[in-house]
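Inspection log for the structure reproduced underneath, given as structure tokens.
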Amino acid sequence: MVHSAYDAVELVSGVPGDIVAVAAYAGRLLVAGKDGSLRIYASPGHAGGGIPRDGPYALERQQPSLWRRGTPLAMEVSAGRELLLSLAECVNLHRLPGLETVAVIGKTKGANLFAWDDRRGLLAVGRWKRLTIFRLDSGREFVEVKEFGVPDTVKSMAWCGDNICLGIRKEYMIINSMTGALTEVFSSGRNAPPLVVALPTGELLLGKTVVLRDVQKLVETENCILAVLARSVYGLLPVPIGAQIVQLTASGEFEEALALCKLLPPEDSNLRAAKESSIHIRYGHFLFDNGSYEEAMEQFSDSHVDITYVLSLYPSLVLPQTHIIGEHDRLQDLPELARESSDVTDDMEPYSLQLHESDDKSPLEIKKMSHNALIALVKYLHKKRNGIIERATAEVTEEVVSGAVHHSSILSESYRSKKPNKKRAQTHTSSIAREMATVLDTSLLQALILTGQSSGAIELLKGLNYCDLKICKEFLEERSDYMVLLELYKSNEMHREALQLLNQLVEESKAEMGKNDFNKKFNPQMIIEYLRPLCRSDPMLVLESSLYVLERNPSDTIELFLSENVPADLVNSYLKQHAPNLQSTYLELMLSMSVSGINPNLQNELVQLYLSEVLDWHKILKEEGNWTEKTYSPTRKKLITTLENNSGYNTDILLKRLPQDALFEERAILYGKINQHLRALSLYVHKLQMPERAVAYCDRVYEEGAQQPSKSNIYFNLLQIYLNPRKAEKEFEQKIVPVASQYPGIQKVTKVRGARMGKKVVEIEGADDVRFSPSGTDSGRSDGDGDGDDVSDGGPIMLNEALELLSQRWDRINGAQALRLLPRDTKLQDLVLFLEPLLRNSSEHRRNYMVIKNLIFRANLQVKEDLYKRRQAVLKIDGDSMCSLCHKRIANSAFAIYPNGQTLVHFVCFRESQQIKAVRGVNSVKRIA
């Protein structure tokens, strides 16, 4: 269908001669013939006014020989001045309607064309290669204003504001009537003459746009354009813009139709919006059907159609059931969400019946179309999303504020009256924006997944979103896109479901994949990272969900608890109740990873766990007859290491749990923690038969400074155990009473009938509250405490071990005491390794001390010499000597000299100054007090 901006209506036909000029006046057509006659045509029954659309016109009258000289070339009517301007030999002015000649412009002789500007009274005349502009003055006289040169003879001419459009040769040009500046516009074509006429809108109509053939002139009238042919006249009547829009839309010229919509009058803004929306929708469908999906989405966006209509083009997407779908009339107050009229709805209906009629396409083409269409939909929804999400958020905020105001008003009114106010209606805010946001986000997530943009779906869920949980969950489960499903759970704070799914995925991934590929898909580290932000908000959920990773990845899980400050007591209590097999693992790693260590309660808990396991293991080995003190299990090694490196546990409880006939190494460590070094050394030497451990024990105590000021005492105790075990035991027994008196929990020490001398029974009360200080050698509690017979009551001396100790630690042992302790029959040769370094060291120290003594004596003599020299100072006093205090002459008065030997004062002045200083000192002391 061809678009026509004008309808060509034949107004006059069958003119006897050639037509050379046409003008319109009072609804009549003035037709000038080549023979010089003027024929006046009128429409039958026409009472005046503009040119009617119906024809043909009939000859009303004829005036022959109106122009006596020359052939008429052009005519124009000045309706405001009731004048007819014609060009024969010159430009003539005729009064209307009588056609009397009132003026002739002689300067226009030889002109071939003119153009009249009725509003300003300007006349442009083309004569040969000149363009002259006249101005009408006093109603009848024309004054020449400007004259410009042009390239060739002017064939057509029309005013356009201050410019004049000229048709010269085969070109259109624009000349400025003020400056004469000439600008070439474009060509008129090979065959068509360069015809031009001004339109009432200020635009120009060119002859090349007229569909009629052999048009010789174009003439402007009040309501149409006249096209002059050789023997007929056609009226180019403008087609209404609405009709043109319909024609362009029907022929698929959507861009031109949209451009015409902008020409509709401003008062028809509603019609204009409806038309534009209708065209955008039809244009969008046209583009969509032809595979231009992104361009189609731009048209739908410009049409402001509801997004649910666009989504209806995608039947594969599942939309939430909301009351806004299909109810476009309820969205008039949200123009961005839905704007339509009855015209738009009518345009939608035929397209809705044609959607997805592509059965003749191959599956590959359908798949490609679907993917590209979904890509375009994603961009469209992203473009729409910001505005819709903002309105949904504002809607939620408004509901919260209105709810708070309503609640506060109810509370205030409850004090005024107990009766409810029946006139008050419950505040309800529409949820249209939120429902629209739900539709958008749910569709966007599906489109992202269908186009393989899982990362984009995850980013969508990480921010504020309104995705429908049920639809999205089923959609993601169907496509096994578990990463996005996890983020969906997380965005809806369904952490328990997310963690259950994650545990299941980790198990399945581990079962399906080899160990080398296990970390490539789902691994326990993902559970830890999911739990990290939950440690502060929901620590109980973290504990419940961390059992799986604590078994498989304990170090990272403990690091999670420590870094996120999950209360250690809470973790320990939970594990103790629900996963006791993991409790020791947690405490071990926490103890090794925590910089500040763990609190005493947890240390005690860990040691108790170790001890319980060791006791069970000891019981089994003892029943089997395989127990020895040098048998170590991994747990026993951990127990010993923990006892040695920590001190926050309760030694009383641990000592009570230890068996009487085993685990002597653990018992020795505990004795050392409470400074019962003699008992600890006895166990190492006699029970464990590990002298090297006893020496290492002494070294550790010595280096830790627990034996100050007599550090050698600890080694002397070991010597006593080696050389005089019975005496060492007696000395140990003498320490029981003072130790017992230091702690009120130790009430009584009694000898048990039938027991050996070294066995004591000590009753302890409140052992849990007792703490021991490592300040002295044996300043702890009694070595009894119901521990049984764990100290040897005598035996052969261990001379070799004692001599080895003396040779290795000679610098830490009092040599005289050690020699007195050795047996009388000890050979001197055996003491060489002990005495030789000892005597060498003693001699060296003696020499050093003598040198120091001599140096000190020398320094003393030097000081005395300096003193004598100071006392021998001479000061001469004569008659001019002055007192430094009173500034009077010394004369024969008693005097005093200050230690610097220069300051000379009266003795009286010196004494008074000393008294003044003493008084000031007393006063200052009083002020301070």
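Observations on the structure shown:
- Filtered residues of region 621-637 (kept if open to solvent by less than 90 Å² (accessible area, probe 1.4 Å) and in a helix (DSSP H, G or I)): Leu621, Thr635, Arg636
- Some residue of region 456-469 being closer than 19 Å to Leu377 by Cβ, open to solvent by 40 Å² or more (accessible area, probe 1.4 Å), assigned to a helix (DSSP H, G or I) and of a type in the set (A, V, I, L, M, F, W, C): no
- For region 618-633, the criterion of being modelled with pLDDT of 85 or more and within 50 Å of the chain's Cα centre (by Cα) is met by no residue.
- Of all the residues in region 842-887, those that are open to solvent by 70 Å² or more (accessible area, probe 1.4 Å) and in contact with a Cys (Cβ under 9 Å, 6 or more places away or on another chain) number 1.
One line per residue, one yes/no per condition, for (1) open to solvent by 50 Å² or more (accessible area, probe 1.4 Å); (2) modelled with pLDDT under 80; (3) more than 21 Å from Asp117 (Cα to Cα); (4) touching a Ser or Thr at 6+ places or on another chain (Cβ under 7 Å):
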position	(1), (2), (3), (4)
Ala42	no, no, yes, no
His46	yes, yes, yes, no
Pro52	no, yes, yes, yes
Tyr57	no, no, yes, yes
Pro64	yes, no, yes, yes
Arg69	yes, yes, yes, no
Leu73	yes, no, no, no
Ala79	yes, no, no, no
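- Strands (runs of 3 or more DSSP E) wholly inside region 184-284 that include at least 2 residues being under 24 Å from Trp116 (Cα atoms), at pLDDT below 80 and out of contact with any Phe, Trp or Tyr (no Cβ under 8 Å at 6 or more places or on another chain): 204-206
- Elements of type helices (runs of 4 or more DSSP H) in region 519-612, at least 1 residues being out of contact with any Gly (no Cβ under 9 Å at 6 or more places or on another chain) and farther than 18 Å from Arg496 by Cα: 547-552, 554-563, 568-578, 580-593
- Taking region 59-85 as the range and being outside any loop (DSSP other than H, G, I, E, B) and aromatic (Phe, Trp, Tyr) as the test, no residue passes.
- Given (1) farther than 21 Å from Leu819 by Cα; (2) in the same structural domain as Leu611 (by the TED database); (3) modelled with pLDDT under 85, number of the condition Leu663 does not satisfy: (3)
- Looking across region 793-816, the residues that are under 19 Å from Asn724 (Cβ atoms) and open to solvent by 70 Å² or more (accessible area, probe 1.4 Å) come down to Pro796, Ile797, Asn800, Glu804.
- Hits in region 113-128 - residues which are in a strand (DSSP E or B) and either open to solvent by 10 Å² or more (accessible area, probe 1.4 Å) or in contact (Cβ under 8 Å) with a residue 60 or more places away in the chain (or both): Leu113, Trp116, Asp117, Leu122, Arg127
- The single condition among (1) open to solvent by 60 Å² or more (accessible area, probe 1.4 Å); (2) touching a residue at least 60 places away in the same chain (Cβ under 8 Å) that Gln247 does not satisfy is (1).
- Looking only at residues of region 169-182 that are modelled with pLDDT of 90 or more and assigned to a strand (DSSP E or B), we find that the one that is most open to solvent (accessible area, probe 1.4 Å) is Leu182.
- Qualifying positions in region 256-278 - free of Cβ contacts under 8 Å to residues at least 60 places away in the same chain and touching a helix residue (DSSP H, G or I) at 6+ places or on another chain (Cβ under 7 Å): Ala257, Leu258, Leu260, Cys261, Leu263, Leu264, Arg272, Glu276
- Any hit, region 900-910, residues being more than 30 Å from Leu799 (Cα to Cα), open to solvent by 80 Å² or more (accessible area, probe 1.4 Å) and in a helix (DSSP H, G or I): yes
- Among the residues listed as Glu588, Glu613, the single one being farther than 17 Å from Met540 by Cα, assigned by the TED database to the domain that holds Pro659, surrounded by 14 or more Cβ atoms within 10 Å (Cβ to Cβ) and not small (Gly, Ala, Ser): Glu613
- Check on Arg657, among the charged types (D, E, K, R) and under 21 Å from Lys576 (Cβ atoms): yes
- For region 217-232, the count of residues that are basic (Lys, Arg), under 30 Å from Pro193 (Cβ atoms) and surrounded by 19 or more Cβ atoms within 10 Å (Cβ to Cβ) is at least one.
- Every condition in (1) under 23 Å from Leu505 (Cα atoms); (2) open to solvent by less than 70 Å² (accessible area, probe 1.4 Å); (3) in contact with a Pro (Cβ under 8 Å, 6 or more places away or on another chain) holds for Leu570 except the one numbered (1).
- Filter result for Leu131 (open to solvent by less than 50 Å² (accessible area, probe 1.4 Å), under 17 Å from Leu73 (Cβ atoms) and of a type outside the set (Gly, Ala, Ser)): yes
The values are calculated or read from the model by the stated rules, or taken from the named source; none is laboratory data. Treat the numbers as computed from the prediction; the structure is a model and nothing was measured. Every residue, glycine as well, gets a Cβ built from its backbone with ideal geometry; the counts of neighbours run over all protein chains shown. Accessible surface is based on the protein model in full, side chains and every heavy atom, while ligands, DNA and RNA are left aside. Shrake-Rupley method; radii C 1.70, N 1.55, O 1.52, S 1.80 Å.
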